[in-house]
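The values are calculated or read from the model by the stated rules, or taken from the named source; none is laboratory data. Since we're looking at a predicted model, the values are computed, not measured. Neighbour counts are summed over all protein chains in view; Cβ atoms, including those assigned to glycine, are modelled from backbone coordinates with ideal geometry. All accessible areas refer to the heavy atoms of the entire protein, side chains included, with ligands and DNA or RNA removed. Shrake-Rupley method; radii C 1.70, N 1.55, O 1.52, S 1.80 Å.
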Amino acid sequence: MEQSPSEQTDISAVIDESRTDARQRRIVDAGIAVQDSSNTMSAFEYLRTRDIDVHVIERVLLEPHRRRSRS
């Protein structure tokens with residue numbers, strides 16, 4: 001059964017979003033590791049130079065209780 005163009009677009013959007021989320025999750029996890037091994041400013045710079053949104057950076061580095069659980 002062939003998919004309609006709108007169904008194909010919807011599927012492509014989900015795939016693209018999940019790839020971005022997985023990539024960002026790896027970067028954020030690495031940034032948290034930098035914070036643990038070095039300091040918060042180094043972690044901030046690491047994440048900022050990798051285009052992680054500043055609101056996400058602030059949340060994961062300054063409010064660890066608000067981090068998503070690692071699965």
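Annotations
- Selected residue (criterion: modelled with the highest pLDDT) from residues of segment 1-22 that are under 19 Å from the mean Cα position of the chain (by Cα) and open to solvent by 70 Å² or more (accessible area, probe 1.4 Å): 21
- Selection within segment 25-71 - without any contact (Cβ under 8 Å) to a residue 12 or more places away in the chain and among the polar types (S, T, N, Q): 37, 38, 39, 42, 49, 69, 71
- For segment 58-71, the tally of residues that are of a type in the set (A, V, I, L, M, F, W, C) and under 16 Å from residue 21 (Cβ atoms) stands at 1.
- For segment 23-59, taking the residues that are part of a loop (DSSP other than H, G, I, E, B) and within 20 Å of residue 69 (Cα to Cα), the one that is most open to solvent (accessible area, probe 1.4 Å) is identified as 53.
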